[in-house]
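Asks: I am attaching a structure below and will ask some questions about it afterwards.
The values are calculated or read from the model by the stated rules, or taken from the named source; none is laboratory data. Since the model is a prediction, treat every value here as computed from it, not as a measurement. As a convention, Cβ positions derive from the backbone with ideal geometry for all residues, glycine included, and neighbour counts pool all protein chains shown. Please note that ligands, DNA and RNA were not included when accessible areas were found on the heavy atoms of the full protein model with its side chains. Shrake-Rupley method; radii C 1.70, N 1.55, O 1.52, S 1.80 Å.
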Amino acid sequence: MKHIGIVAVSAEGAALCYRTICLEGAALVGPHDHPEITLHGFPLRAYQRLIDDDRWDAVGEMMLESAAKLVRIGAQLLICPDNTVHQGLDLVRERSPAAWIHIAEEVAAEARRRGFKRLAILGTRFLMEGPVYRSKLAPAGIEYRVPNAEQRTRINQIIYDELVYARFLPESRAYFQDVIRDLADDGCDAVALSCTEIPLLISADDSPIPILDSTRILARAALREATR
């Protein structure tokens, strides 16, 4: 099996991705078994300073620095369970010391496999307003919608003030549900949970339309590649 390297950004998203690989790896490979995994992460604040300053090239360079550390340890394929920073990865991916599995590409592939035509995209403000999903959904022939400006601001606040600190509040869950209903009314047939902490707040049972859990989709893609 190939050695998986996880470039971590936020603790909760990275932890969910790691747990998914371990738990679902056992079902795929055998009891108590999964591919070798190594994780490296700079503090979230180090990334956030660059994101706030719109320095996406520097975000990408930081990801490459993590990647280099992981490859030196033995990682053979790389993933990052953080949707937002993929805007930086897209600028430097061709210089990576190992192959990446791209979270938005995997979500787009899963949406296409399941026949979805228009996705609601939920994530940080930077992700919802940025090019990461737009650039991957268009080639797959999938439309998308994002919440309105007021909703984007509130979702961003919930992510940074609550979810990254493992605070999962009922009132925030209800807010996300209202936003998803609005997007469903706009013709969305599925919602991409495109912040890796959102699946810890919103499950399939909580959503009025099907969910695409970006964290677990990425973890499963890494498992498939590592055990190919």
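Asks: With the checklist (1) outside any loop (DSSP other than H, G, I, E, B); (2) touching a strand residue (DSSP E or B) at 6+ places or on another chain (Cβ under 8 Å) in hand, flag the one item E150 doesn't pass.
Replies: Unmet condition: (2).
Asks: For residues that are open to solvent by less than 30 Å² (accessible area, probe 1.4 Å), among the aliphatic types (A, V, I, L, M) and not in a strand (DSSP E or B), scanning just region 1-23, find the one that is nearest to I37 (Cα to Cα).
Replies: If we take residues in region 1-23 being open to solvent by less than 30 Å² (accessible area, probe 1.4 Å), among the aliphatic types (A, V, I, L, M) and not in a strand (DSSP E or B), then I21 is nearest to I37 (Cα to Cα).
Asks: Take the residues of region 53-102 that are among the small types (G, A, S) and in a helix (DSSP H, G or I): which is surrounded by the fewest Cβ atoms within 10 Å (Cβ to Cβ)?
Replies: A68
Asks: What about A184, is it at pLDDT below 95 and either surrounded by 14 or more Cβ atoms within 10 Å (Cβ to Cβ) or touching a helix residue (DSSP H, G or I) at 6+ places or on another chain (Cβ under 6 Å) (or both)?
Replies: In short, no.
Asks: If you take the residues of region 103-127 that are assigned to a helix (DSSP H, G or I) and either open to solvent by 50 Å² or more (accessible area, probe 1.4 Å) or without any contact (Cβ under 8 Å) to a residue 60 or more places away in the chain (or both), which of them is nearest to R181 (Cα to Cα)?
Replies: R125
Asks: I would also like to ask the following. Count, please, the residues in region 158-200 that happen to be under 24 Å from Q87 (Cα atoms) and in a loop (DSSP other than H, G, I, E, B).
Replies: 6
Asks: Is region 52-62 home to any residue that is at pLDDT 95 or above and in contact with a Ser or Thr (Cβ under 8 Å, 6 or more places away or on another chain)?
Replies: No, region 52-62 contains no residue that is at pLDDT 95 or above and in contact with a Ser or Thr (Cβ under 8 Å, 6 or more places away or on another chain).
Asks: With G130, G115 as the choices, which residue is at positive phi, modelled with pLDDT of 95 or more and not β-branched (V, I, T)?
Replies: Result of the check over G130, G115: G115.
Asks: Right, another one. For region 29-44, how many residues meet the condition of being farther than 11 Å from A11 by Cα and touching a residue at least 40 places away in the same chain (Cβ under 8 Å)?
Replies: Result for region 29-44: 3.
Asks: Would you say L169 is in contact with a Phe, Trp or Tyr (Cβ under 7 Å, 6 or more places away or on another chain) and either crowded, with 19+ Cβ neighbours inside 10 Å or at pLDDT 95 or above (or both)?
Replies: The answer is no for L169.
Asks: Let me ask something additional. Within region 183-228, track down each residue that is in contact with a strand residue (DSSP E or B) (Cβ under 9 Å, 6 or more places away or on another chain) and of a type in the set (D, E).
Replies: D186, D189, D213, E225 - these are the residues of region 183-228 that are in contact with a strand residue (DSSP E or B) (Cβ under 9 Å, 6 or more places away or on another chain) and of a type in the set (D, E).
Asks: Of the residues that sit in region 128-166 and are open to solvent by 30 Å² or more (accessible area, probe 1.4 Å) and acidic (D, E), which one is farthest from the chain's Cα centre (by Cα)?
Replies: Filtering first and then ranking leaves E150.
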